[in-house]
Each structure stands twice: as structure tokens, then as C-alpha cells.
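Step one of this worksheet: look at the structure below.
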Amino acid sequence: MPTPPRNCTFPVTDWAVLAACWHPVALSAGVTADAPFAARLLDQDLVLYRTPAGLTVAADLCAHRGSPLSLGCMRDGAIACAYHGYRYDGAGRCTLVPAHPRAPIPGKLALKVFPAVERFGLIWVSLDPAAKAENLPAFPEHADPAFQIVHLPPFDWAASAGRQVESFCDVAHFTFVHPTTFAASDPAVPRYEVEATPNGVRADFASRIGNVSDPAAAQQTWRRVYQLHLPFTAHLSIDFPAGGRLVVFNAACPVSARRTRVFAVAARNFDRDQPVADLIAFQQKVYAEDQRIVERQNPEDLPIDLSEEVHVKADRTSVEYRRQLGRLGLGRDFTA
Ligand code: FES
Ligand SMILES: [Fe+2]
């Protein structure tokens, strides 16, 4: 059983539930063989590094005197601590104690290594040694050559992951929050279908939502399908009237209870010759519009108890999402 780190900001039962899940912690391209990389997941500080044996994700703590290994460097295919130069291999075993290079190395000189998988250009980590990789979310377009894949620079929000993901799947806020990007002039939300899936929630939403700079497109029906994968990933596919499809894969990392790093990956099967910078800039604008609201929501934690906030028909996705997070085991502790 994983144990919560010092200064854990989550209720203990929430932490234990989330520790058993997979979460994205870094872009694959951001972790090279040249230098260690620091990340944080569920208040656990992590060091990520690459050796000839592959990717390693470990607690960012040298077993000798507790220095963060992310301050160190890579030497001869091992990570070297910045304090006394101890080296650790890809399995987290100490391979060199420079002060006594020929003495036997105590077995206790080892890093706490966590399960890690690279998928969709992201590094996913579970704090549970028994985690199974088949429980990762699906993103079929990522492997489809018809789609261009664009990784956005990660977003850091001062908000809980649950609030962030819920806002990503909210269909009643476009008019009010996204006036400069893709708002609809009519805020009314038509009836839409929501269903529970083995891993979360699926919502199928058709409406007249278009880029306000293109009034013709705004008059046609756009179909958005949200597929939520518990706890904090959402796959949104938008089918445009002209036949193109844009996917935004929103994978939120619960850095701490009220800090979230969002990894967003876009996939499109149209405009592949257009500059990627435009797509990134547009998505950054959309995310900034949401961030302004979500960082100010109260309580900061997503209320799992449905009686705590008021729900209307337009909130069906959110209601099902909260129900399922509750079934997963979140929200069992009192949270301030
Ligand atoms: S603290 Fe890392 S080598 Fe001493
Ligand atoms: Fe939004």
C-alpha cells in the first residue's frame, strides 16, 4: 500500500484512491537522457530520468541524506546525486558510492521506484506498485496517421483537478466564458445524452456553437462527444459541419489538492498544412478563459456530495462525473 507523503494536502482516503490510478506527470519529449526532470504527483515529489534501461520514475529523494535527485545530473547512464555523488541505475539501485568506490554497497541504498508508462507522448505514473497499464485512458486518434498531433505546453492551474476536468466537460458556459474564442450567441442548452461507461462518462452534445468570426459555421450543428476517463482525463471530439474532426485530450495531473498541471493534446484531420502555432494560441486562449473562473470556485475541491451544489439538466455530465468519482471512493473524508 502506498503511503501519503509528508505535507499531503489531500484527505487521506482521497489520496489512497488517487494513488492507485494513473496520472500524467510530464511530456515524454520533456524528459531526455541529458538531465533529470522534477515533477510532483499527489504531493509526492518525483524524479524522472532516462538510462540505457529506459525511463525511470522514482521518489525525488536520495537514500543517503535526502537530497533531491532532480538537483543531480546524468553520468555514464546513471543518475548522480548532487550532494555526495552517489549513482543510481535505471532500477533505482545504487551503483557507486564515490567516498568508498570499492566497498560493497548496502542494499538499502535504493530509490523508491514507481510504475511508469509512456503513452500519447505523455509519461503516466501510478504510486501503486500493482497498477496495471491497461487502465490508461484511450486516445485512438493519436495512433491514426490521418491525424496531426499537437502537444500543448502544460497548463498550471491553482485549482483542483476535479474542478478543472468538470469545467472542460461543461456545456453551459460557452456563451459566458468563451466570448472571444468559440462562444454561441444562444446560451440555451439542448437536451443531450449522458451515459456511464466502464471507465467513466460519455456525453454526446450537438449544438450551434461556432467560432464567432465565422457566422456561417455558427449556424450549423457541431457535435461534441466527451469521454471522461476516471479520475481526471477527458477526451473531447468535435465533429465540424464540413467533416473535419478536432480532438482535445485533456489529462489533468493532481499535483496537490489545489494545484493541477493540465496536459492537453490536440489531434486534427484537417488544416494539416496550417501553422500549429495558431492552433496552440487558440487553445491557450480557451484554457485561459476557463482558468480565470475555475481558480476562483469555492469550495476548491469538487463537491462529491451532490447535495452541496445545485444541478440543472444542463449539468448532467457533471452530475454523473461526481457520482462516479464518489463510487471510486473520493469524498469520503470531511474536507475544509
Ligand atoms: S544525499 Fe545523495 S549522495 Fe548523499
Ligand atoms: Fe471552457
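The values are calculated or read from the model by the stated rules, or taken from the named source; none is laboratory data. Nothing here was measured: the structure is a model prediction, and the numbers come from that model. Neighbour counts run over all protein chains shown; Cβ positions are idealised from the backbone, glycine included. These area figures cover heavy atoms from the full protein model, side chains too; ligands, DNA and RNA do not enter into them. Shrake-Rupley method; radii C 1.70, N 1.55, O 1.52, S 1.80 Å.
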* **Sequence of 128, 186 when ordered by accessible area, the most exposed leading, probe 1.4 angstrom** => 186, 128
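Packing-wise, with mean Cβ within 10 Å as the measure, how do 61-68, 234-241 rank, highest first?
Order by mean packing, descending: 234-241, 61-68.
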* Structure fact -> Order by accessible surface, 1.4 Å probe, largest leading, for residues 273, 60 comes to 273, 60
* Structure fact -> So, relative contact order of the chain in percent, Cα under 8 Å, 6 or more apart, is 18 percent
* Asked: Hey, with R₀ at 25 Å, roughly what FRET efficiency would residue 53 and residue 130 work out to, going by the Cβ-Cβ distance, to 0.05?
  -> 0.75
* Dipole magnitude of the chain about its Cα centre (Cβ charges: Lys, Arg +1; Asp, Glu -1), debye to nearest 20 -> 920 debye
* Structure fact -> Spelling it out for residue 41: with amide H atoms placed in the peptide plane at 1.01 Å from N, the residues 5 or more places away or on another chain with amide H under 5 Å from its amide H are 46
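Placing +1 at every Lys and Arg Cβ and -1 at every Asp and Glu Cβ, with all other atoms neutral, what dipole size does region 12-135 have around its Cα centre, in debye to the nearest 20?
Using Cβ point charges on Lys, Arg, Asp and Glu, region 12-135 gives about 440 debye.
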* For region 167-196 and region 218-269, what is the separation of their Cα centres, given in Å? -> 13 Å
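Based on the mean of other Cβ atoms within 10 Å per residue, sort peptides 296-303, 52-59 so the most packed one is first.
Working: 296-303: 15.0, 52-59: 17.8.
Descending mean neighbour count gives 52-59, 296-303.
Report the calculated FRET efficiency for residue 73 and residue 103 (r = Cβ-Cβ distance, R0 = 25 Å), to the nearest 0.05.
With R0 = 25 Å, the Cβ-Cβ based efficiency is 0.60.
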* Per principal axis, descending, Cα span of region 140-328 in whole Å -> 46, 33, 32
* To do: Would you calculate, for the chain, the mean residue ellipticity at 222 nm contributed by helices, counting each DSSP H stretch of 4 or more residues as -39,500 (n - 2.57) and dividing by all residues, to the nearest 500?
  => -5000 deg cm²/dmol
* Whichever lysines have a C-alpha closer than 30 Å to that of residue 108, once near sequence neighbours (fewer than 8 apart) are set aside -> 132
* Cα convex hull of the chain: mean projected area in nm², to one decimal? -> 18.2 nm²
* To do: Report the FRET efficiency, 1/(1 + (r/R0)^6), for residue 310 and residue 333, where r is their Cβ-Cβ distance and R0 is 30 Å, rounded to 0.05.
  => 0.85
* Exposed-site-free run, longest, the chain (rule: chymotrypsin sites (Phe, Trp or Tyr not before Pro); DSSP loop; at most 15 other C-beta within 10 Å) -> 84-269
* Structure fact -> Karplus ³J(HN,Hα) for region 169-177 (6.51 cos²θ - 1.76 cosθ + 1.60, θ = phi - 60°; Hz, whole; x = Gly/Pro) runs 9, 7, 10, 9, 10, 3, 4, 8, 9
* Within the accessible area of region 12-135 (1.4 Å probe), percent carbon and sulfur -> 54 percent
* Starting from the Cα of residue 285, draw a straight line to each of the aspartates and glutamates and keep only those under 15 Å, dropping any in the same chain fewer than 8 residues away. => 156
* Find the accessible area per residue for region 12-135; the probe is 1.4 Å, ligands and nucleic acids are left out, and the unit is Å². => 46 Å²
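Can you check how the C-alpha radius of gyration of region 12-135 compares to 2.2 N^0.38 Å, as a plain ratio?
For region 12-135, the normalised Cα radius of gyration comes out at 1.05.
Residues with beta-carbon under 14 Å from that of residue 280, excluding residue 280: net charge, scoring Lys, Arg +1 and Asp, Glu -1?
0
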* Long-range HN-HN contacts of residue 26 with modeled amide H, under 5 Å -> 123
* Whole-Hz Karplus ³J(HN,Hα) for region 141-154, in order, using 6.51 cos²θ - 1.76 cosθ + 1.60 and θ = phi - 60°, x for Gly and Pro? -> 5, 4, 9, 8, x, 6, 9, 8, 10, 10, 8, 7, x, x
